[in-house]
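What follows is a single structure, written as structure tokens, with notes after it.
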Amino acid sequence: MCGICGKLIFDPAASVDPGLIDGMTRIIAHRGPDGAGVHLDGPLGLGHRRLSIVDVAEGAQPMHSADGALTVVFNGEIYNHPELKARFEAQGAVYRTRCDTESILHAYEAHGRDCVHHLDGMFAFALWDARKRALFCARDRFGIKPFYYRHGKASFSFASEMKSLLLDPECDDTLDPLALYDYFTFKFVPGPRTPFTAIQQLPPAHTLWLEDGRVDLARYWTPRAEPLDPADIASDRLEDLEALLTKAIAAHRMSDVPQGLFLSGGVDSTLIALLMRDISEEPLHSFSMSFPGFGGFDESRYANEAAKAAGAIHTVFECPPDIVDELPRALWHVESPLADAAMLPLSALCRAARDSVTVIHCGDGGDEAFGGYTRFYWDQFAEGVGRIPKALRNGGMLPLAALMQTFPGRAGELGRRIEKFTRFAGLEPAARYAQWFTFFPDAVKHAVLHPDVIAAAGAHRSGDLFEHLFMEAADAGWEGLARQQYTELHSFIPDDLMLKSDKIAMAWGLEGRFPLLDHRVVEFGLNMPAHEKVDRRTLKKPLRSLLMRRMPAAFVNRPKQGFEVPVSDWFRGAWRERLMDTLSPAALKGDSLLNEHGAAQLLADFERGDPSAGRRLFILFAFQEWRRVFTPAGKVCREAISSGDNGAGTGA
């Protein structure tokens with residue numbers, strides 16, 4: 001919906017720099033092309049860029065309470081705004097707009113910091129309470145909307161994007177070696193860290209209270225473990241699930257501007273399309289991307305079939321052959337090193353869809369909430385393999401896996417998986433599950449990173465993230481498959497999928513919405529019995545069952561594909577010259593963060609057909625491209641705003 005930013009100097013006699021607040025607001029203008037607002041009050045400055053979605057004519061921000069004591073800047077949508085408005089008006093509140101921002105003010109007036117318990121939606125906001133001289137901030141339950149902050153000795157600043165914070169000379173742009181270490185493990189930087197030591201993320205489902213220079217973080221929501229009765233009839237559960245999904249989708253359609261759907265032809269987006277057809281008389285506009293010449297990655301024919309069934313006005317865009325040129329712009333907007341290559345066609349798709357719609361619905365979250373990844377059943381298999389004597393595993397299964405990896409296609413991929421779960425089959429559950437997200441094992445990571453980076457990381461272990469989340473899930477009452485789902489919802493969702501989806505869409509002034517991440521839908525999915533979600537033959541069984549009522553079995557039961565891109569093929573073709581220019585020994589000679597010899601070995605592995613080398617090369621490639629865009633970060637951002645190029649020379 002918007003972009004927010006602000007700064008509070010702790011000395012009440014000081015005055016915030018108006019030019020800084022103006023720059024912090026302008027550098028995120030892409031998030032809100034429809035309007036801008038600033039509030040200055042001595043040591044406080046708040047900035048806002050608006051993408052008008054609800055109550056287009058009114059609803060400008062920063063927005064004040066009727067008595068002027070409260071001021072809020074807000075990014076997102078409050079989907080239960082109609083219910084809140086009716087409730088607060090019945091209690092005597094007077095609304096001056098139809099905008100959901102006003103419900104945050106009234107909720108805070110009624111409930112104080114507990115107001116977040118009453119908000120359903122995706123949101124990041126900062127609310128200034130002039131009476132208490134305190135700043136109250138909050139982020140939604142799954143981190144759909146970003147919130148970054150810097151807490152210094154003399155001031156505090158926050159923003160939807162790190163670029164706003166990096167404009168401030170008080171913000172140190174030193175890279176965090178632990179964040180870089182984790183990036184090379186997972187291909188994303190897990191929160192609350194960011195690439196910069198001075199900047200943190202407000203974790204999902206948390207509030208932040210700033211008073212007298214002190215910050216108090218508090219968690220306000222955890223998914224509730226209330227297992228559904230296994231004796232209940234499964235078909236009745238499906239009816240309950242369909243009702244929940246229908247309600248969530250209807251709520252997510254709140255908008256005064258044109259909206260559409262990214263329709264891949266997969267289970268999640270197709271089910272959303274068909275449920276939208278059932279609840280809305282408006283024609284559905286849907287969009288998908290095709291990959292000509294890469295049949296294994298091209299789902300456009302299934303998207304066309306789904307669109308026809310939903311009666312949608314469907315548009316297919318071809319992935320351009322020069323898509324790699326999109327990478328600097330994409331990394332400028334996601335701001336963090338991220339080796340999720342799907343952000344490239346996603347950027348092209350968002351740019352094209354923005355010509356027709358302002359709101360786009362997406363199917364993200366279904367795999368995490370209902371068990372849609374093959375690693376869910378592979379992990380069960382790995383647990384069983386762990387009971388086989390280690391000598392037999394290493395002497396029989398590893399040679400078989402190595403042989404299989406010499407074959408192309410599915411056989412090679414299966415060999416890679418067999419090798420992976422054979423090597424970590426005997427580990428404890430959290431450590432074993434972390435391996436599914438580990439792209440660079442420690443030995444390979446230590447070979448490609450400069451010794452100084454390894455030394456700075458010290459005893460840091462990336463896998464501690466999963467051990468922490470597994471323990472947290474267990475403390476909340478989750479076990480087995482649900483514990484794995486919980487872990488993904490609190491790592492992969494906010495720090496990869498939502499980072500990519502929000503930042504790339506907002507780069508084009510497009511608001512993404514994610515009905516499958518409605519917290520009631522997620523809790524329902526987590527609490528379903530494991531055997532009703534995943535077995536050795538079928539993933540994401542509840543959503544497939546609902547879709548089976550509306551689509552042919554052949555459509556529903558085809559293997560999961562996902563929104564993936566042919567990176568290895570591109571590295572052998574259109575991207576080859578750029579790959580060598582970026583990662584060859586000559587290019588890396590004297591590099592302060594990467595080891596040229598380790599990178600050379602990866603290139604050699606790729607040339608001989610190692611299927612894991614392409615993925616690892618893209619992690620290195622994306623990291624170097626990110627460095628080119630953001631080095632030195634503070635200077636780059638200040639130059640971007642002074643030149644009026646908020647794409648920092650990336651073509652944005």
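The values are calculated or read from the model by the stated rules, or taken from the named source; none is laboratory data. None of the values given here were measured: they were computed from a predicted structure. For neighbour counting, all protein chains shown are included, and Cβ atoms are generated from backbone atoms with ideal geometry for every residue, glycine included. Heavy atoms of the whole protein, side chains included, go into the accessibility calculation; ligands, DNA and RNA do not. Shrake-Rupley method; radii C 1.70, N 1.55, O 1.52, S 1.80 Å.
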Subject >> Selection from 178, 134, 196, by position along the positive dipole direction of region 120-197 (Cβ) >> reply: 134
Original post:
Expressed in whole Å with the largest first, what are the equivalent ellipsoid semi-axes of region 267-418 derived from the C-alpha gyration tensor as the square root of 5 times each eigenvalue?
Top reply: 37, 21, 16
Subject >> Karplus 3J(HN,Hα) series, Hz, for region 594-604 with 6.51 cos²θ - 1.76 cosθ + 1.60 (x for Gly, Pro) >> reply: 10, 9, 4, 6, x, 5, 4, 5, 5, 4, 5
Subject >> Furthest towards positive pole of dipole, 546, 573, 604, structure part region 510-652, Cβ charges >> reply: 546
**OP:** For region 502-638, give the magnitude of the charge dipole about the Cα centre (Cβ charges: +1 Lys/Arg, -1 Asp/Glu; no others), in debye to the nearest 20.
**Re:** 560
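Would region 1-114 count as rounded, prolate or oblate if I go by the C-alpha gyration tensor, calling it rounded below 1.5 in a/c and otherwise prolate when a/b exceeds b/c, oblate otherwise?
Working: a/c = 2.53, a/b = 1.40, b/c = 1.81.
Note, shape of region 1-114 comes out oblate.
Nearest 500 deg cm²/dmol is fine: what mean residue ellipticity at 222 nm does the chain get from its DSSP H runs of n ≥ 4 alone, each adding -39,500 (n - 2.57), divided by its residue count?
Values: 29 runs with 280 residues, N = 652.
The helix contribution divided over the chain gives -12500 deg cm²/dmol.
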Original post:
Taking only the alpha carbons of region 105-148, what extent do you get along each of the three principal axes, in Å, biggest first?
Top reply: 30, 22, 12
**OP:** May I ask which residue of 621, 468, 412 lies farthest towards the positive end of the charge dipole of the chain, with charges of +1 (Lys, Arg) and -1 (Asp, Glu) on Cβ and the Cα centre as origin?
**Re:** 412
**OP:** Give the peptides 618-627, 112-121, 604-613 in descending order of average Cβ contacts within 10 Å, highest first.
**Re:** 618-627, 112-121, 604-613
**OP:** Quick one: which residues, 5+ away or cross-chain, put their amide H under 5 Å from the amide H of residue 147? H built at 1.01 Å from N.
**Re:** 202
**OP:** Please turn the phi angles of region 21-37 into ³J(HN,Hα) values with the Karplus equation 6.51 cos²θ - 1.76 cosθ + 1.60 (θ = phi - 60°), one per residue in order, whole Hz, x for glycine and proline.
**Re:** 5, 4, x, 4, 7, 5, 6, 10, 4, 4, 6, x, x, 8, x, 9, x
**OP:** State the label only: which of (i) 28; (ii) 35; (iii) 14 corresponds to percent of Cα pairs over 46 Å apart computed from the shown model?
**Re:** (iii)
Original post:
What are the residues whose amide H is under 5 Å from the amide H of residue 139, where those residues sit 5 or more places off or on another chain and H is modelled from the backbone?
Top reply: 205, 206
Subject >> Principal axis box of region 544-652, alpha-carbon based, largest edge first, Å >> reply: 57, 43, 23
Original post:
Once amide H atoms are built 1.01 Å from N in the peptide plane, which residues 5 or more positions from residue 290, or in another chain, come under 5 Å H to H?
Top reply: 317, 318, 319
Original post:
From the cross-link list 153/500; 153/503; 85/163; 308/560; 247/540; 247/533, which pairs have alpha carbons spaced over 26 Å apart?
Top reply: 153/500; 153/503; 85/163
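For the ranges 384-390, 431-437, what's the packing order if you count other beta-carbon atoms within 10 Å of each residue, average per peptide, and put the highest first? Numbers along the way, then the final one.
Values: 384-390: 12.6, 431-437: 20.7.
So the order, starting with the most tightly packed, is 431-437, 384-390.
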Original post:
What ³J(HN,Hα) values, in whole Hz, does the Karplus curve 6.51 cos²θ - 1.76 cosθ + 1.60 give for region 167-183 when θ = phi - 60°, with x put for Gly and Pro?
Top reply: 5, 6, x, 6, 8, 6, 9, 4, 6, 8, x, 6, 5, 5, 4, 5, 4
Original post:
Applying 1/(1 + (r/R0)^6) with R0 = 51 Å to the Cβ-Cβ distance of residue 281 and residue 392, what FRET efficiency is obtained, to the nearest 0.05?
Top reply: 0.25
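Please grab the % of Cα pairs in region 397-500 that end up more than 24 Å from each other.
On the way: 2122 of 5356 pairs.
I get 40 percent for the Cα pairs in region 397-500 exceeding 24 Å.
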Original post:
In what sequence, largest accessible area first, do 406, 185 appear using a 1.4 Å probe?
Top reply: 406, 185
Original post:
Can you give the convex hull volume of the alpha carbon atoms of region 248-351 per residue, in Å³?
Top reply: 124
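About the Cα centre of the chain, how large is the charge dipole given +1 on each Lys and Arg Cβ and -1 on each Asp and Glu Cβ? Please answer in debye to the nearest 20.
On the way: 71 positive and 86 negative charges, 274 e Å.
That gives the chain a dipole magnitude of about 1320 debye.
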Original post:
So what's the Cα pair-distance distribution over region 49-144, bin width 10 Å, in %?
Top reply: 16, 56, 28, 1
**OP:** Compute the Rg to Rh ratio over region 347-388 from the alpha carbon atoms, using the Kirkwood formula for Rh, and round to two decimal places.
**Re:** 1.36
**OP:** Calculate the dipole size of region 68-169 relative to its Cα centre from +1 charges on Lys and Arg beta carbons and -1 charges on Asp and Glu beta carbons; express the result in debye to the nearest 20.
**Re:** 380
**OP:** Sort region 557-621 into rounded, prolate or oblate with this rule: let a ≥ b ≥ c be the square roots of the eigenvalues of the Cα gyration tensor; rounded if a/c is under 1.5, and if a/c is not under 1.5, prolate when a/b is larger than b/c, oblate otherwise.
**Re:** prolate
